[in-house]
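These notes concern the structure reproduced below.
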Amino acid sequence: MNYNLILVSLLLSISLFNSSCRKPKGCTDVTALNYDVNAEKDDGTCEYEVIPAPTPYTLEAPYTISQYLPAPSIPNDNPLTNEGIALGRKLFYEEKLSANNTISCASCHKQENAFTDDATFSVGIDGIAGNRNSMPLMNMAWDYGYQFFWDGRSIGLEGQAFEPVTNPIEMHNTWGSAVSELQADDKYPELFERAFGTNVIDSNLVVKALAQFERTLISGNSKFDKYLKGHLTLNPSELSGYNIFMDESGGDCFHCHGDPYNPLWTDNLYHNNGLDASFSDLGRGAVTGNPSDNGKFKTPSLRNLLYTAPYMHDGRFQTIDEVINHYSIGLQYSSTIDPLMKNVSTGGVQLNPQDRADLKAFLLTLTDEEFVTDSRFSDPD
Amino acid sequence: MKNTKIIIAGIIGLSLAFGTTSCKKKGCTDADATNYDANAKKDDGTCEFDTITGHGDHNGVHVMMKMEHNYGGSSVMPADFDDLKYLNDKGTTHSITKLQYLISDFVLYKADGDSIVVEGYNFVDFDNTNSFAYSFPTEMHVPIGGYTGVGFTWGFDEADNTSGTYADLNVASWSWPAMIGGGYHFMKLEGKFIDSNTDTTAFAFHNGTASNNGNHEANHFYVKLNQSFTLSNDASINLNMDLSEWFKNPNQWDLDALHDMLMPNYTVQKMMNANGRSVFSLGSIVQ
C-alpha cells in the first residue's frame, strides 16, 4: 500500500516536470500561413489562405442559338465556373495527360480546324493511327442527346473525356499516372482547389474541368448567322444554295443538317448516309448491338465546314466538293440506309454542276472565322 | 401557346355578327365551334370554342392522353421498326423506320354542350416513348361528369404554326421549309418498301403545310372522336393511331409513285390530309 503511494507520487512529479519543460508550441503545418519553424507541438492555431468559392459562369448563347434553341444542357453536378473553365482550358492543352507527355487533347482537336484534326486519322503517342476522323468540337452544350463520339458510345462530355487518356492508340496513359503527374505539378493542385475546393486531384475532376471548357466552345457568328440577324445579305449563288439545301426536291440537306431554326446545323442523331454497300465499321450498331443501327454515325455539324476537312467518320473525302458529289451521285445501297437518302439506285439527288457550286457557296456561309481565332480558346501557356 | 380562356357570350355574338358580314365562302367550318358557319366552305382559322378552364374546381380530375399505335389492328411498338412486315392497302410490303408527329389543342366535349380546350401540343416520337403520354397541365382540374367525345388538332392550326416559335421542335429539326409555307412538320413517317421491281426503296411520308407554286395552304385538321363516357376519377384516355389508314382511305397509296419529295407536292399533301381523318380512334378510358 505504502509502496503504491510512492509510485503515484513519482509519476505525478514526472508529469509536472514535463509540463514545466515548455516544449515550443505553435503551428507545425508547413502549408499554413503562420507556420512556426520552431514549434514542435501543434497548438491548433494554424491559419490558411482562404480559397474563395469559384465564380459561377453563364454561357453566352449567340443570337441564333438563344433565339431558337432551348437553354443549354449543363449537368447539375458540374456547373460552369470561371475557375473550372480556366482549368479545363489548361488541361485541354496539357501534354502531361499522355503517357510520354507528347500529346494533349488539342493535338487532335486543333482550334484552327474548328477543334478537329486535319489528318484523316489522328496518330497516338505510339505512332499508331486510329480508324475514325477526329470530331470537331462546338456548341456541344446544346447537344441534348448527350452522346458523344461518332457512334455515341460516351454519355456526356465528362464521360467522353475519360476515354482518350487511356485509349492505347491515343494518349496510352493510366488515369493513376496522369493524376499523379498533375498532383506533383507546382500549379495544378491550387488550380483544382480554386475550381473544385480541393487540391486532391482525381480523374473525375479532370474530366469535369475539360467538359466545362468544352461547353464554352461556342460558334455563332458565321456569315449566315449575320444574315439571319439582318446584318448582311447573301449573294445570289449563296441564296440559291440555301434553297437547294432546304428543298426536299433539291439537296434535301436540312432533314439531318438543321435549318435556320436549328442553327446547330446537325440533328445530333445517327444515320447511314449511303457511304458503303457493306460496312467495315458498324458505327452505332457496334454500340447498341442492334443490326438496324449498323453503318450509322452521328451527324456532324456543318458549321465551320471550311476548316474541318477531311470529312465523314473515316475522313474519306478531302474536299467539300467530294461530299456534295457523294450525295449527288455516289450513294451506295445497304439495308440500313436512311430513307432520307433519295434516288439511291442512281446514286443520289443528281445536282447539276451549277447547283453543286451554289450549295457549296451556301455551306461556306456557315464559316465562323472568329471561332477559330478566338483567344479565349487558345493555349493559355 | 395561347392561354386557355373563357369566351363570354357577348364576344361570341360579336364575332358571329362580324363573321356573317364578311365573305360567305370563308369562315369557321368546325360544327362544334361557337361560331360555326354552315355556309363557309373554307376554314379561315377563326373558329372559337366555348371553353372553360376548370381552374380552381377542386372536384375536378387530372386527365392524361395516351397514344397507342397499330397497323390494321396489330400493335406497333418501337421494337417493330425496321422489319418489312406491313402490307398496305395496295398490297405493298413496307417497314417503318421512323415515326414522329404533332397533335395540339386537345378538346374534351361535355355532355352539357361545353368544351374544355387544352391549349398545347404533344410531339410524339418513337425514339422517346415517354412522349406517348401527354398529361394535361397539373393545375388543370377537369370537371367530373358526362362527356360525349375527345378532339384535337392534327399538327398546328395557322395561329400556332409559326416558324421558330417552339424551341424543343426547332432543335428536333422539325421546321417546315419557308419556301413551302414554313411552320412545322406535322408528321415524319419513314420506312422502306418493296417496289414493283422488287427492289427495296425508301419512303419519306412527311406532312405539313400544302404549297402550290408559292401559295401556301394550312393543312391541319380537327379530329373529333365521339364516344360517351363519364369522368369520375383521374383518367387516362387512350388514343389509337392506325398507321395503315394513312395509305388507305380515301386515297389508296401507291408508294411506287409517291415515296419521296412529297413535301413540296400540294396534291399529295392534301391527300395525306384526307387520309389522316380516319387514322385516329378512341380507345379505353382508364380511371
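Residues B:LYS188, A:LYS23, B:LYS42, A:LYS208, ordered by accessible area of protein heavy atoms at a 1.4 angstrom probe radius and largest first, appear as A:LYS23, B:LYS42, A:LYS208, B:LYS188. Taking only alpha carbon atoms, the protein assembly as shown gives an Rg to Rh ratio of 1.11, where Rh is the Kirkwood radius. Here the label points at B:ALA178 and A:LYS229, each 7 Å from Cα along the C-beta direction, are separated by 1.7 nm in the simple model.
Label separation (A:ASN101 vs A:THR31): 2.3 nm, computed from points 7 Å beyond Cα along the C-beta direction. Here B:LYS26 is the anchor, and the lysines within straight C-alpha reach of less than 22 Å, apart from those fewer than 8 places off in the same chain, are B:LYS41, B:LYS42, B:LYS224, B:LYS270. Each residue was assigned an accessible area with a 1.4 Å probe, and for A:ASP77 the value is about 100 Å². Figure note: B:THR46, A:THR336 ranked by solvent-accessible area, largest first, 1.4 Å probe, ligands and nucleic acids not counted: B:THR46, A:THR336.
Mean-square fluctuations from a GNM of chain A, with a 10 angstrom spring cutoff on Cα atoms, peak among A:GLN147, A:GLN354, A:GLN160 at A:GLN354. Helix A:156-166 and the longest principal axis of the Cα set of chain A meet at an angle near 80°. When the Gaussian network model of chain A links Cα atoms closer than 10 Å, the mean-square fluctuations of A:THR81, A:THR31, A:THR58 top out at A:THR31. Using the Kirkwood formula on the Cα atoms of chain A, what hydrodynamic radius do you get, in angstrom to one decimal? Kirkwood radius, chain A: 23.9 Å.
Taking every Cα-Cα distance in the stretch B:130-281 and sorting them into 10 Å bins starting at zero, the pair-distance distribution P(r) comes out as 10, 33, 33, 18, 6, 1 percent.
The values are calculated or read from the model by the stated rules, or taken from the named source; none is laboratory data. These figures come from a predicted structure and were not determined experimentally. Glycine gets a Cβ as well: all are built from the backbone with ideal geometry, and neighbour counts include every protein chain shown. In case anyone asks, the SASA skips ligands and DNA or RNA and just uses the protein heavy atoms, side chains included. Shrake-Rupley method; radii C 1.70, N 1.55, O 1.52, S 1.80 Å.
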